[in-house]
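Comments concern the structure below.
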Amino acid sequence: MESETLNKTTTITGAEAVIRCLIDEGVSTFFGYPGGAIMPVYDALYDYQDKIEHILVRHEQGAIHAAEGYARVSDKPGVCMATSGPGATNLITGLADAIADSTPLVCITGQVASSLLGTDAFQETDVIGISTPVTKWNCIVTKAEDIPAALAKAFYIAQSGRPGPVLVDITKDAQFGKMKYEYKKCEALKHYNPTPVLPLEQLKQAAKLINEAQAPYILAGQGILLSGAQNELVAFAEKAGIPVASTLLGLSAFPCDHPLYAGFLGMHGNYAPNLLTNKCDVLIAIGMRFDDRVTGKVDQYAKQATVIHIDIDASELNKIVDTKLPIQADAKEALSALTGLVNKNEHSEWFNRFKAFDQQEKEKVTDKVLFPTEGQLKMAEVVHRLSELTKGEAIIVTDVGQHQMVASRYYRFKKSKSNVTSGGLGTMGFALPAAFGAKLAQPAREVIAIIGDGGFQMTLQELGTIFQYKIPVKIVILNNNFLGMVRQWQQLFFEKRYSFTEMCNPDFVAIAKGYKIEGEKVEQREDLSASLKRLLAAQEAYLLEVVVETEENVFPMVPAGASIDEIRLE
Amino acid sequence: MTNTYTIHVLGNNEPNLLPRIALVFNRRRVFIKNLNASELSDKSQYSYTLTVETTPVWAERIAKQLEKQIDVQSVNYFVHMPVTSDRPAKAELAYCA
Ligand SMILES: Cc1ncc(C[n+]2csc(CCOP(=O)(O)OP(=O)(O)O)c2C)c(N)n1
């Protein structure tokens, strides 16, 4: 039967075509949840279980975050599937997350039969309407024969240019319909130019500015990882002798132990890289979009600097920051061209200015949180210990809140594509599903989810998926019994009025055990290392709840709306 | 300072392009004063003409966001300028992009 069904141009149902398209597109694993309007596809899948792995999640939001985690650590798009109505609407948060963070996703939703569209039929919802603002592209397919072309287009759009999520909504009659199957990968679309021609003239001008600069400074974003320009970035920075700072999503694009690494940018980033943005003379921003968490008050951001901005998305250029040289280009191509054009240089005096501020941050902040000797455990020491024990080589998946900022600050990433977090949307509940998605994409790597007690409870049902598929992902809950980041803002900016941020939490270890996942709770400093070692030594999934200080604040901090010059160390 | 702009979008004949275009404006609280959408004689193409009141900065941002839509082929926009004695009516529209 197999050889017959895989034979080209046999007549099959649209539902079967969906599965065969996924296989022909090279999808090996995808995530989903069945329901009425997608049942024909699930029925077809029954016969293909040895050719493609489907992971049954516990909630469609879990499916899409898992697909995001999968995409973020691999070179493939994440794929997920859901039924119509509530199944599809449960994907919306993930779509919004993926479009904010440029994550390539292909989502397939079942839809009621085309004759029922617009009649308020059972589980009919306008999925195209709802998903339009949060997709790079979407379409509805009402005929079986249109399925392969729609999916081929979807895969191409999701991955090309600036990646993003796409959604294909397939009516039930299209799934039942018969068609002659043939799949042609999409390699180009008329009027869509995802890879701009390298603008050599502008790059020459950029090189001239860089060669003449006294205090040049690189801001690296996720564009480096998306275009695979990690080595090109290192080569460029080393040749021109320029310090490199990273955005939240850029973390792990440049090794944290590299002598030119200046640190992490943004509201809770490092002191020197934030402050010196307002002192550099040439600012070279690559594959980043000047998010407000990075710029602080824009009218007081890098006003002294000549800005060179390289991004593949033309709409990002001059969107936030006045840019002398906006360069629409792929980061990898642009960086390798620039490296050829710049002079060998070093800027030791400029670089020493970072060192001085680093020392202040170390004394006022870092030493205190990494090496406390008394009081409750601090988030930072847990992350620091984890970073040491894994030699900075693990994939770290974080949720949203204080623990996310602490993990981003203190995990010393040495391998690229190792930081998976929800940046632009800041989606609590992201980490647990994204972590097992990442683990399925990179089974040989250690994948550790670091999650707050609040965020964990947003998608904890996905422990069921981890249990069912025996996915050996490691989970660290940093439990402060508070919605910590909100509490921090209440303390600092709302006169300590803790309005609904205190949490009465369940026994997390018992919950894990309910899913047959091993786990333990640690509260004492002297027990931390041994607990972390057990977590890392476990061959299967493992949950470690670390009870941390309840009212700890993350510093440094640029208060919301303030200039980056106003970054506070305490 | 706001001006009146006329924005021309040439796109593929895809049913979901009209809402995508409208969303680009609505999300940025730029209200559409006039909208014309029509299928062209080449049935694979669609033309949209919109009139809005906005600032030069937002007009440019919106044009870039429109260009970014997969099914958009090209975007041109014009600013309406008042007709004065030294500027005859013919020069009323200034080409921007
Ligand atoms: C889905 C969602 N709802 C609300 C928020 C707002 N929010 C941001 S951080 C945070 C607190 C997170 O608490 P927790 O998960 O315990 O992590 P902690 O900050 O304590 O490390 C909240 C509520 C959000 N980011 N996402």
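The values are calculated or read from the model by the stated rules, or taken from the named source; none is laboratory data. On a predicted model such as this, the values are computed, not experimentally measured, just so you know. With ideal geometry, Cβ positions are generated from the backbone for all residues, glycine too; neighbour counts draw on all protein chains shown. Ligands, DNA and RNA are stripped out before the accessible areas are found, and what is left, the full protein with its side chains, is counted by its heavy atoms. Shrake-Rupley method; radii C 1.70, N 1.55, O 1.52, S 1.80 Å.
State whether the residues of the range A:522-541 include one that is within 16 Å of the ligand (Cβ to nearest atom) and either assigned to a helix (DSSP H, G or I) or in contact with a helix residue (DSSP H, G or I) (Cβ under 8 Å, 6 or more places away or on another chain) (or both).
Looking for residues that are within 16 Å of the ligand (Cβ to nearest atom) and either assigned to a helix (DSSP H, G or I) or in contact with a helix residue (DSSP H, G or I) (Cβ under 8 Å, 6 or more places away or on another chain) (or both), one finds none in the range A:522-541, hence no.
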- Selected residue (criterion: farthest from residue A:523 (Cα to Cα)) from residues of the range A:493-509 that are within 11 Å of the ligand (Cβ to nearest atom) and not β-branched (Val, Ile, Thr): A:500
- Note on the structure: Taking the range A:97-116 and the residues there that are over 20 Å from residue A:154 (Cβ atoms) and touching a residue at least 40 places away in the same chain (Cβ under 8 Å), the one that is surrounded by the most Cβ atoms within 10 Å (Cβ to Cβ) would be A:112
- Query: Just a yes or no: is a residue in the range A:400-416 of a type in the set (Gly, Ala, Ser) and surrounded by fewer than 24 Cβ atoms within 10 Å (Cβ to Cβ)?
  - Reply: yes
- Task: Among the residues of the range A:263-277, count how many are open to solvent by less than 10 Å² (accessible area, probe 1.4 Å) and either part of a loop (DSSP other than H, G, I, E, B) or at negative phi (or both).
- Result: 10
- Out of (1) buried (at least 17 other Cβ atoms within 10 Å of the Cβ); (2) at positive phi, the one residue A:564 does not meet is (2)
- Considering residues that are in contact (Cβ under 8 Å) with a residue 12 or more places away in the chain, open to solvent by 40 Å² or more (accessible area, probe 1.4 Å) and closer than 13 Å to residue A:109 by Cα, the number found within the range A:121-139 is 3
- Note on the structure: Residues of the range A:245-298 being out of contact with any Gly (no Cβ under 6 Å at 6 or more places or on another chain) and polar (S, T, N, Q), in sequence order, are A:246, A:252, A:274, A:277, A:278, A:295
- Tally time: how many residues in the range A:468-501 are open to solvent by 60 Å² or more (accessible area, probe 1.4 Å) and in contact with a Lys or Arg (Cβ under 8 Å, 6 or more places away or on another chain)? 1
- Query: Which residue out of A:389, A:338, A:370, A:377 is more than 30 Å from residue B:62 (Cβ to Cβ) and crowded, with 24+ Cβ neighbours inside 10 Å?
  - Reply: A:338
- Selection from the range A:443-492 of residues under 18 Å from the mean Cα position of the chain (by Cα), within 13 Å of the ligand (Cβ to nearest atom) and among the charged types (D, E, K, R) yields none
- Within the range A:417-439, of all residues that are more than 9 Å from the ligand (Cβ to nearest atom) and surrounded by fewer than 24 Cβ atoms within 10 Å (Cβ to Cβ), the one nearest to the other protein chains (Cβ to nearest Cβ) is A:424
- Can you list the strands (runs of 3 or more DSSP E) found entirely within the range A:278-330 that contain at least 2 residues being within 14 Å of chain B (Cβ to nearest Cβ)? A:306-311, A:325-328
